[in-house]
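What follows draws every value from the coordinates through simple rules; no lab data is involved. Treat the numbers as computed from the prediction; the structure is a model and nothing was measured. Cβ placement follows ideal geometry from the backbone for every residue including glycine, while neighbour counts extend to all protein chains displayed.
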Amino acid sequence: MAERWHSLDALRALAVIFMMEVHLGFWWARGLPDGSTLVGLGTILGGMAAPLFFVVAGASLSVSARCRPDRFLERTARRGVALLIAGIVFTLMEMAIYGPWGWGVLQSLGASLLLCGAAMRLGPTARAAAGIALMAVAPMLRGALGVPELLYSNMMAGVSSPGGYAMSALLSGFFPLIPWTGLMLVGTAAGDWSFPGEGKTAGFEQFRPVVLLAGFLILAGTVGDVRGLPLEFFPPSMPFAFLTSGICVAALAVLCLPWGRPAPAALARPLTALGRLSLTIFVAHHIIGYSLFGALGLLNSFDLAAALAMVILSWALAAAVSLVWARKGFRYSLEWLVGLLEGRPSKQNI
C-alpha cells in the first residue's frame, strides 16, 4: 500500500481551521461589526474551507486511483454512499440550520465522489475542462431557472418537496453539485499533475499543467471580480468558484514538494493529525458549538475578543484530541467507520 501524502492531510487541516473559525465565530460572537478588518479577514478565510475540502478530496481520489487501483470504483462508490447517508442523518440532526430537506456539504461531497470516481476514466485535461465548465455554467443555469443571485439560509432551508430537494441538490442548496462537483473534478486533475505515482519524483515538466491550471482559474476569477460579477458563496458565483479553486490548486502544487510521503516533522504532526480527523471534527463542532451552546442559551453571547479566544482554544483542543486519537489509529472515529464501509481493513491508515 502507498504511504500517505501528508500535504493532503495538511490542506484538510487548514480547511478544518478555517471552517471552525468562521462557524464558531459566527455562532458565538455578538453583533459582529460591519467593516471590521478582523471580521472581513475571518470571512475570507472561512470561505476557503469548502473549496479546500472539495479540491483536496479530488486530489485524494486521483492518488487513490493510481496507488490503489484494485476495486477503485467499488471503494469510491462505498465511500460516496457512506458520506451521502451521513449527510442526510446529519442534516436531520441539525434541522435548525438546514431544514428537513437541506442539501449540505456531506451530501455534496458524497455525490461528487460518485460522479468524479466514474469520471476518472477520462484524462486529467478532460476532467479539468469539465470542472471549469460546471463552474462557468452554474450562474447561467441558475438564471434560466429563476434561482436568486443571493441565497439566504432560510431560503435554502425552506425546501419542502422532493422536487425542491432535487433543485437544491443541483443548483440552489447550501452546497449544490453545480458548481461544487466542478471543484472536485479540477482537484482530480491537479492531483494527477501534482502527485507522482509510485517510484516517480516530481519535476518541472510535470508541474507545468497544474501551474497553468491554477493561473487560469485565478486569472479568470480575478477578471470576473474586477468586471463587477458578484463574489458570493451562497450560491457560489463564477468568480468565487474560479478564484478559490485556483488558490487551492496552487496550494496543492506548492505543498506536495516539502510535505510528500516522508513522516511529517514534529511541528507538522498536529496539523496532519487534525486533517485526518476532519469529518469527526466537522460533526463535533456543529453539535457542540451550535446545538449544545444553543441549548445552553449561549449563541451570540460573547464579544468579538472573547469569541476569538474561544475559537483559538477550540483549535488547540481539536489538535490535541487529534494527536491522542492518532496514537490509537483513529479507531471509532467517523473516518474509521467510513473506512470500514468502504471495505478497508480496520488497521489500515485512514
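When peptides 18-26, 142-150 are ranked by their average number of other Cβ atoms within 10 Å per residue, the highest-first order is 18-26, 142-150. Remark: spin-label model distance Ile312-Leu150 equals 3.3 nm, labels positioned 7 Å along the Cα→Cβ axis.
In this simple spin-label approximation, Glu335 and Met140 carry label points 7 Å from Cα along the Cα→Cβ vector, and these lie 3.9 nm apart. The mean sequence separation of alpha-carbon pairs under 8 Å and at least six residues apart, normalised by the residue count of segment 6-342, gives a relative contact order of 29 percent.
So how far apart, in nm, are the two label points at Ser160 and Glu74 if each is 7 Å from Cα heading toward Cβ? Roughly 4.5 nm, to one decimal. Peptide packing: for 179-189, 44-54, 84-94, the average count of neighbouring Cβ atoms within 10 Å per residue gives the ranking 179-189, 44-54, 84-94, highest mean first. Specify the residue with the greatest mean-square fluctuation among Thr76, Thr280, Thr272, computed from a Gaussian network of the chain linking alpha-carbon atoms under 10 Å apart. Greatest mean-square fluctuation among the candidates belongs to Thr280.
One decimal place: the segment Phe216-Val39 gains 60.8 nm when fully extended, by the rule 0.36 nm per residue minus the C-alpha distance. For segment 283-345, the set of chymotrypsin sites (Phe, Trp or Tyr not before Pro) satisfying both a DSSP loop assignment and a count of at most 16 other C-beta atoms within 10 Å is given as Tyr332.
Ordering of 31-41, 151-161 by packing is 151-161, 31-41, highest average first (other Cβ atoms within 10 Å, averaged per residue). Overall form of segment 68-148: oblate. Here a/c, set by the Cα gyration tensor axes a ≥ b ≥ c, is 1.5 or more, and a/b is not larger than b/c. Working note: Cα gyration tensor of segment 6-342, eigenvalues times five, square-rooted, sorted largest first, giving semi-axes of 28, 25, 21 Å.
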